[in-house]
Amino acid sequence: MEELEMQIMNIIVNAGDCKNHAYEALKKAKEKKYEEAEKEMELAEDAIARAHDYQTAMIQKEASGEKVEFSVLFVHAQDHLMTTMSEKNLIQEIIELRKSINC
């Protein structure tokens, strides 16, 4: 696999990890296991940060004048990353609401 494809796959994989951790956190919050939910959200944050770092590296290459090949897979990775970021943020808000209601 070429470097570009590896970077794209790292965006997708890390965004997927973030989404999995965020939904696990939501499940824990439903069970009123808020400390476990918080740990899952920390793991989600770490994963999304890694995905964002790969995205930023690709953007910086193009911004510095290096030609970055257009790829449908990269478009998919961008879509996956941005959707995951939104879901993570909404899940965090839902968890906070659950805490407020249940405490």
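Quick one: net charge of LYS19's neighbours, Cβ under 11 Å, K/R +1, D/E -1? Intermediate results must be reported in sequence, preceding the final value.
On the way: positive: LYS88; negative: ASP17, GLU24, GLU87.
In short, -2.
Of the three principal axes defined by the Cα atoms of the chain, the extents in descending order read 53, 23, 19 Å. Relative to the longest principal Cα axis of the chain, at what angle does helix 3-30 sit, 0 to 90 degrees, rounded to 10? Approximately 10 degrees, to the nearest ten.
A 1.4 Å probe run over the protein chains yields, for the chain, 64 Å² of accessible area per residue, whole-number rounding.
Taking 0.36 nm per residue of sequence separation and subtracting the Cα-Cα distance, how much length would be gained by fully extending the chain between ASN102 and LYS61, in nm to one decimal? Please report the intermediate quantities before stating the final value.
Details: separation 41, 0.36 × 41 = 14.76 nm, distance 4.75 nm.
Contour length minus Cα-Cα distance gives 10.0 nm.
Peptides 82-95, 20-33, 53-66 ranked from most to least packed give 20-33, 82-95, 53-66, packing being the mean of other C-beta atoms within 10 angstrom over each peptide's residues. Taking a point 7 Å out from the Cα of SER71 in the direction of its Cβ, the residues of region 3-20 whose backbone N falls within less than 14 Å of it are 3-14. Considering helices alone, the calculated mean residue ellipticity of the chain at 222 nm is -31000 deg cm²/dmol, with DSSP H runs of length four and up weighted by -39500 (n - 2.57) and normalised per residue.
Gain on full extension, evaluated as 0.36 nm per residue between MET85 and HIS52 minus their Cα-Cα distance, stands at 10.9 nm.
In a shell of Cβ-Cβ distance under 15 Å around ARG50, excluding ARG50 itself, what net charge do Lys and Arg (+1) and Asp and Glu (-1) give?
In short, -3.
The values are calculated or read from the model by the stated rules, or taken from the named source; none is laboratory data. Keep in mind the model is a prediction, meaning the values are calculated, not measured. Methodologically, a virtual Cβ is constructed for each residue, glycine included, from the backbone with ideal geometry; neighbour enumeration extends over all protein chains shown. Heavy atoms of the whole protein, side chains included, go into the accessibility calculation; ligands, DNA and RNA do not. Shrake-Rupley method; radii C 1.70, N 1.55, O 1.52, S 1.80 Å.
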